[in-house]
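The values are calculated or read from the model by the stated rules, or taken from the named source; none is laboratory data. Being a predicted model, the structure only gives us computed values, none of them experimental. All Cβ positions, even for glycine, are placed from backbone atoms using ideal geometry, and neighbour counts span all protein chains on display. Keep in mind that these areas ignore ligands, DNA and RNA; they rest on the heavy atoms of the full protein, side chains included. Shrake-Rupley method; radii C 1.70, N 1.55, O 1.52, S 1.80 Å.
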Amino acid sequence: MSGRDRVFEALRRWEDKGLVGPELASRLRVEVESHESGEGRRWAQYAIAATGAVILIIAAGVFLRWAWPLMGAGSRSALLAGAGLATLGLGIVTESRTRLQPAAYLLQAAGLALLLMSFGYSRRAWSDASPGAVVFGVAILSIPLASAFITIGRNPISPAIHTAFGYAFLFAFLERSSGLDTDSILWILDAVALVSIVLLAMRLRAEQHQDPDDWTLNAFVTSLYAAGVLLFSTAAGPLDFDDHSVWALNVWLAAVTALTLWGIHGAPAGLRRAWFGRQLALCVFLAIPLTFATALGALDLGETATSVVVAIVGFAGLRYGLRFDSRDTLAAGCIALLAAAWYFGSEKGGAIGAFLALAFSAALFFWLSVRLGRTSKPAAGEP
């Protein structure tokens, strides 16, 4: 049932009990429909703007394919950079207009992507660590730094976009200008991400009893996810995916989960957000492959114990979802239980084992559904 349907059901119930009159209920329904319609148009704006941003990048590629043979490598890099700068500038200029904000955010993302493409292509004009690469790299790197400074405090979305692209820009800059190998650059980026997270956390802590800036929280969350990507890249690169490299990812996921739970249940009102529930469900979902990798690799527990550990993750998500009415977390917990049952059945008993494990899981879910049905109330129109 959607949010609008829940409100309408509540209004019908309140009308039947005489808590609200028909006229007020009708006015409230009109207001809810108007709000839902506005949110729908907002999502449509983002979808259309995202399509436009992708088409813009494709159009740039088509134009460059025509103009490429007529220019040298340096001119091509400069042309890409100019297109990226113009697109980014247009996004920054238009972000203050509410109706244009979705398009403005996607324009900024497309502009940063074009700048990153230009820096990567500049390798054909200037070799790594050459004076030309350093000068061009400093010029390209200074643009997102300046634009990030401009957008900070103006809206909550742009700083998060710049934060995400910032790590990619820094990686490209170090790779092109420093002469360091990829493994060394990854370690540097890990350190940068850690420092960024600590500084943003300190800012959030200082603002927790006030009305904190949304951009700070969004940049903090973006840095957390960027740190996860960097840790995975470090595990795959410098650590060569050995059995113990997975522990760093476990620590990262545990930290994100703990922060999310604190944000939902313990944070001051100014730091709480409705989307924390979806983030917790994502943590449960990410825990499924990570638990498999840890149990089978680093701990070498075997099939049975691995299935039990994954099932524990699923039960934890299921229990939390039932206790706090978190549907997303409940769904993630069910997926974890299903993965544990499927793995145990397929590894231990072939097709018959998988059938029995899945049949047991189905019986368990039906039993839980019956238990919940004893305390739930049917919606209008349900038997």
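List the number of the failed condition for F292; all other conditions in (1) without any contact (Cβ under 8 Å) to a residue 24 or more places away in the chain; (2) surrounded by 15 or more Cβ atoms within 10 Å (Cβ to Cβ) hold.
The single condition F292 does not satisfy is (1).
For region 238-267, how many residues are outside any helix (DSSP H, G or I) and open to solvent by 30 Å² or more (accessible area, probe 1.4 Å)?
8
Only residues that are within 17 Å of G277 (Cβ to Cβ) and among the β-branched types (V, I, T): list them for region 296-352, please.
T329, I335
Taking the options S245, S326, name whichever one is hydroxyl-bearing (S, T, Y) and under 19 Å from the mean Cα position of the chain (by Cα).
One residue alone meets the criteria, S326.
Could you identify the single residue in S37, S96 that is modelled with pLDDT under 75 and closer than 30 Å to R12 by Cα?
Matching residue, one of S37, S96: S37.
So V62 fits all but one of (1) at pLDDT 70 or above; (2) over 28 Å from W215 (Cβ atoms); (3) open to solvent by less than 60 Å² (accessible area, probe 1.4 Å); what number is the exception?
(3)
Report the residue count in region 275-289 for those that are open to solvent by 40 Å² or more (accessible area, probe 1.4 Å), in a helix (DSSP H, G or I) and modelled with pLDDT under 90.
Filtering region 275-289 for residues open to solvent by 40 Å² or more (accessible area, probe 1.4 Å) gives 275, 278, 282, 285-286, 289.
Add one more test, that the residue is in a helix (DSSP H, G or I), and what stays is 278, 282, 285-286, 289.
Those still in the list that are modelled with pLDDT under 90 too: 278.
The qualifying residues number 1.
Suppose the filter is modelled with pLDDT of 90 or more, surrounded by fewer than 16 Cβ atoms within 10 Å (Cβ to Cβ) and either under 26 Å from T257 (Cα atoms) or among the aromatic types (F, W, Y) (or both); does I312 pass it?
Working: modelled with pLDDT of 90 or more: yes; surrounded by fewer than 16 Cβ atoms within 10 Å (Cβ to Cβ): yes; either under 26 Å from T257 (Cα atoms) or among the aromatic types (F, W, Y) (or both): yes.
Spelling it out, I312 is indeed modelled with pLDDT of 90 or more, surrounded by fewer than 16 Cβ atoms within 10 Å (Cβ to Cβ) and either under 26 Å from T257 (Cα atoms) or among the aromatic types (F, W, Y) (or both).
Can we say T304 is β-branched (V, I, T), part of a helix (DSSP H, G or I), touching a helix residue (DSSP H, G or I) at 6+ places or on another chain (Cβ under 9 Å) and open to solvent by less than 20 Å² (accessible area, probe 1.4 Å)? Give the steps one after another, and end with the answer.
Working: β-branched (V, I, T): yes; part of a helix (DSSP H, G or I): yes; touching a helix residue (DSSP H, G or I) at 6+ places or on another chain (Cβ under 9 Å): yes; open to solvent by less than 20 Å² (accessible area, probe 1.4 Å): no.
No, not satisfied.
Give A67, A78, A83 a once-over and let me know the one that is out of contact with any Pro (no Cβ under 6 Å at 6 or more places or on another chain), at pLDDT below 70, open to solvent by less than 60 Å² (accessible area, probe 1.4 Å) and under 30 Å from S122 (Cα atoms).
Result: A67 is the single residue among A67, A78, A83 that is out of contact with any Pro (no Cβ under 6 Å at 6 or more places or on another chain), at pLDDT below 70, open to solvent by less than 60 Å² (accessible area, probe 1.4 Å) and under 30 Å from S122 (Cα atoms).
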